[in-house]
Each structure stands twice: as structure tokens, then as C-alpha cells.
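All remarks here apply to the structure that follows.
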Amino acid sequence: MSSLLNQIKQTHPHLYKAFSTLADGEQHLTRIQELDRYWELLKHPVRQVILPGTNLPKDAVISGEYDLIYAGGTLSLLHAAVMAGQYGRRVMIFDRQTPAKSTRDWNISRNELLNLSATGLFTESEVDSVIVRRYKTGWVEFYKPDGSQKRLSMENVLDCAVNADKLLGMAKEKVTAVRGSTVLAERSFSCCYRFDDHIVVKIEDGKGKAFYYKAKVLVDVMGILSPIALQLNEGVPQTHVCPTVGTIASGFEDVDFDTGEILASIGPADMLPGKGRQLIWEGFPAEDSQYITYLFFYDEADSPNDKSLLGLFDAYFRKLPDYKKPGKDFVVHRPVYGIIPAYFHNGFNRTREIADDRILLFGDAASLGSPLTFCGFGSMVRNLPRLTADLDRAIEENDFSKKHLEKISAYEPNVASMANLMKYMCFNSATDEPNFVNDLMNEVMIVLDELPERYRQAMFRDEMKIEDLMMVMLRVAWRYPKVLVATWEKLGMQGSFGFLKNLAGWAFSPVR
Ligand SMILES: Cc1cc2nc3c(=O)[nH]c(=O)nc-3n(C[C@H](O)[C@H](O)[C@H](O)COP(=O)(O)OP(=O)(O)OC[C@H]3O[C@@H](n4cnc5c(N)ncnc54)[C@H](O)[C@@H]3O)c2cc1C
């Protein structure tokens, strides 16, 4: 019996039992523990990984030279495939694990996914080949003890389940098909040395052997663990988080394969040590008889709660039968997990650092998505055409200053404002009734139900217009005045003012 699993036998018995049946349970446990290092990273002094060129060791040998080096091999592959395939740039991607193998699966709607063919990266039929299931309706529902909850149904939202590894694998093939571009596995980012006219990236293999590569720009796509994001944002790369765990499984007794359960809460908040948490489920049909279930909660990055994926996974396996009943043929095909990042921009525009001279951050490293609805995958797909065209232009103009690079960003004012609403979903046992989050969200569902369907579709597709959001907020406040007190308790003076600044920035932005 494996030792790593044994170590959690007493502390996380439900997770232990479930992972013991998986052939690669031990490997997943290692990756989960790697992600859980995030919580420690936030407490330690920030490691300096962007160093001046003068620090480059005299005996460093450059192993290769590229236009762009991508650290991290998940969403980077979509961007790099366009840069290599469409723009003819020499790219190198490396990952400390296996590139193009994600620990998640994604939902999106087909229209958004078609952005991938708009860039010329894939044909429409290639895009369709990664959709493993389509369904028409989805719903959102928040628990009420008396069963009076409003089930809000909507169509054409998050209605395509995407096989993430297949999509990334196809992108990887496009990269490696371009002469001079390369993808490396089991290589970890160590640090980088910045010169006026290039950047040198130091990476290490599994045995700690160092290699140096030279590029015009280093693209940081290392996700939530990015040490570059940590340094550029002075130890606060995220303000909020959404720890998420789940499985792709088959053999449930009671699932509907024609409907997506976009958000489903089935009980009041968990009163755990710390501030407590409002758990939320999601359920999506996937390939053949497979079904994806997620469990997650929203929280402040520095709250006193246990936010470990390990703890959440144990709760997932313990509570799963309350949400979907595993039948006698129940089998877990793959666990999925991660920490979804969020950032509150206290200003009229983006306040998070996402670039530096010769360094640019994308994906979760940039933390510009909204964890309420679409997250980083949706954000990357939606913005891919401009994120690639703009970086190609920067290469053309040979301008890699921070000022220039930070304009190549997936920041969207509507998404930033919407992400703020997540603060209302962060439960706090000191101020909230146990069913507070559910009661509030139930009122939002009633308001959306009274409005034409385009409102709810826009909200759950990150396409909300400011006047529509104002309409929803005013109606919710009218129906449920407690939200005004909650605004004060949850956002405070600074947060409320910051939210207003976000809204003003959105109102005056060209993207309305
Ligand atoms: C369970 C789950 C479900 C989700 N579902 C959706 C969805 O339906 N729709 C949606 O839009 N979004 C969804 N998301 C969010 C989405 O998965 C992320 O936004 C996306 O994966 C971010 O990609 P990334 O490449 O930026 O980071 P990651 O996916 O975190 O990838 C980062 C990569 O960098 C590598 N890395 C880290 N450190 C180093 C290092 N030092 N050196 C080298 N490599 C390193 C890692 O091994 C990893 O491969 C989901 C997230 C989770 C957790």
C-alpha cells in the first residue's frame, strides 16, 4: 500500500477510501498537495524570481533561443499555438508536470468556443470534436429550508462539456508541428534574468539540473502558484479564491443527462472553525455515461478557514450522496480540482500587476477571470484573438516595456465588476445567518426570473451590460433590503467605494 495515501488515512478517511481505488490516486494526491502549498506561499516572504541580467551565472550556457517562452503548459498551449501557427513565432513551452494534461474539465457554450476557429487555430469541425456532450437547458438554485427556492432555468449557457486534455493535446500538436517550436515536460521554472534586449529563463529538470533559455518575452502561465505573480503583486496575487474539487464519474442513480446544474446549493452554510463556508455544487453531463460533479465555496484568500483542497475533497466524498446518489456501479474515472483565483481591483480600472518589462502574465497567473461564472478558460477563449494579435504587434514593434505589455490583457471591466459580487457569497458566521447566502441568491434568482431571459444568459456568460446589472441590483435591494446591511458588512467602506469605482470605470469604458 502506498505511503502517501496512508498518511491521510486517519485525517481524511473519505478521500483516502475513494483515492485508494484509483490507479493514479497517489499521483493526484501529490498534485493536490502541490496546489495546497499555495496557502503556505502566501504566508512566507516572497521569493525574488525576476533578477537583473548581471546576476546570470558566468558559466550559464544558453540551450536555445525563442521569440516567446511560456512557463506552464495548460492554457498557454492555446495562445502559443496561435503565435506559432498563425504568426510564425518561435515558441517554447515547458511545464513541471506533463504539458496538455489538466486537472480539470471545462464547460462553455459553443458560440464562445468558436473563438478558437476565429483565430485560425482550429477549424469548426476540430472545435466540435472536443465537445463531448451538448445539452439544452441548465438551472441555478439556492437552498431554502421550506423548499420555496426558485429554480432559474436558462438555455445556451455553459451547455457544452469540453474534453480539456483533447483540446490541449490538439493545440500541442499545432505547436510542435511548427519548425523551431518545442514543448518540454517535467521542467520547472526557477527564475529569470532580465537584460535590456532579451530575457534568460532558468529551468530545472526533475534531478535539479539547470538549463538556460533566451527569449524576447517570458509568458507566465503558471496558474495560481506563479512565483512571478507573487513577486509582482508583493505577496498578494489574489484577494479571493474558490477552492474547487470534484470527479468525472459514472453510475449515479439520479442524474439528468439533458440538463446542466450550473449552481446548486443544498443546505445552509457549514459552521466550521474560522468563518464558516457556503458550499455549492455543480453537476454537468459529460461523455457517454459520465457525469461531472464539483463542490466549491468562495472565500477571502486570507480568511482563517481551512481552504485546503485535501479537506474539501474529504467533505466532497462524505457529502456527495446528499447531492447525487452513487449507485452500485458507481466509479470515479478522474478527480478534478484546483484553486480558482479572483482579484478585487480597487480602482477604476485593472489594479493587479500582470506584466513587467519583458514579462507578461496570462490565465490564472493573471487572475482576471470571474470565479462566479466563467473562469480562466472562458476568459482565455473569449480574449484569445486580441491577446495573440496584440502580442504579435509588440514583437513587430520590438516594444516589450511593462507599459506596452500590460495593455495585452484579458481585463474586462464588466467581468471585474461582476467578480465583486462574489464577496456576497463569502459566508461569515460572525455577521450572517446560516442561510444568508442562499436567501440572498434566491432573491437574485427571483429577480432574474421576472426579467427577460437575456438578463440571466448575460449574467452567466459574463456578458452583462452595466445598465442591466444596475437593474438587477436595484430590484434585489427593493425585494431584500437586508442586502444593504450585508454590503456594509461584507464590503465595508473601502470595498463599497472600490465597487463604485469599478462600476464607474465600466460605465466609461468602451466595453459596456
Ligand atoms: C475543477 C475546475 C473546473 C473548472 N471549470 C471551468 C469551466 O468550466 N470554465 C472555465 O472557464 N474555467 C473553469 N475552470 C478554471 C480553469 O480551469 C482555469 O482558469 C485554467 O485551468 C487556468 O489555466 P492556466 O494555464 O492559467 O493555469 P493552470 O491550469 O493552473 O496550469 C498551470 C500550469 O503551470 C504549471 N506550473 C506551475 N508552476 C510551475 C513551475 N514552477 N514551473 C513549470 N510549470 C509550472 C502547472 O503544472 C500547470 O500545468 C475550472 C477550474 C477548476 C479547478
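Since every read-out is calculated from the coordinates, none of them should be taken as a lab result. Computed from a predicted model, the values in this text were never measured in an experiment. Quick reminder, even Gly has a Cβ in these numbers, built from the backbone with ideal geometry, and neighbours come from all protein chains shown.
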According to the square roots a ≥ b ≥ c of the eigenvalues of the Cα gyration tensor, what is the shape class of the range 414-507, taking rounded for a/c under 1.5, prolate for a/b larger than b/c otherwise, and oblate for the remainder?
oblate
Identify all lysines with a Cα-Cα distance to Lys9 below 17 Å; exclude those on the same chain that are fewer than 8 residues away in sequence.
Lys17
What value in Å³ per residue do you get for the convex hull of the alpha-carbon atoms in the chain?
148 Å³
Computed, not fitted: 222 nm per-residue ellipticity of the chain from DSSP H runs ≥ 4 (each -39500 (n - 2.57)), nearest 500, equal to -11000 deg cm²/dmol
Mean separation of Cα contacts under 8 Å (at least 6 apart) over the residue count of the chain, i.e. the relative contact order in percent, is 18 percent
Please state, rounded to one decimal and in Å, the Kirkwood hydrodynamic radius that the range 128-203 gives when every pair of distinct Cα atoms enters the mean of 1/r.
17.6 Å
Please order Met473, Met92 by the number of other Cβ within 10 Å, starting at the fewest.
Met473, Met92
So for the pair Lys465, Lys407, with labels modelled 7 Å out along Cα→Cβ, what separation do we get in nm?
2.8 nm
Packing-based ranking, highest mean first, of 307-313, 230-236 given that Cβ atoms within 10 Å are counted
307-313, 230-236
Taking 7 Å along the Cα-to-C-beta vector as the label spot, tell me the Glu186-Ala430 distance in nanometres, rounded to one decimal.
4.8 nm
Which lysines have a Cα less than 24 Å from the Cα of Lys202, not counting those fewer than 8 places away in the same chain?
Lys58, Lys101, Lys172, Lys214, Lys216, Lys402
On a 0 to 90° scale, report how tilted helix 436-450 is relative to the longest principal axis of the chain, with both axes built from alpha carbons and the result rounded to the nearest 10.
90 degrees
Got a sec? How would Ser20, Ser148 order by Cβ neighbour count within 10 Å, fewest to most?
Ser148, Ser20
For the pair Lys328 and Arg31, how long in nm is the line joining their label points, each one 7 Å along Cα→Cβ?
3.3 nm
Round to the nearest 10 and give me the degree value, 0 to 90, for the angle of helix 376-397's Cα axis relative to the longest principal axis of the chain.
30 degrees
Sort Leu22, Leu484, Leu68 so that the residue with the fewest other Cβ atoms within 10 Å of its own Cβ comes first and the one with the most comes last.
Leu484, Leu22, Leu68
Please give the helix 466-479 orientation as an angle from the longest Cα principal axis of the chain, in degrees from 0 to 90, rounded to the nearest 10.
30 degrees
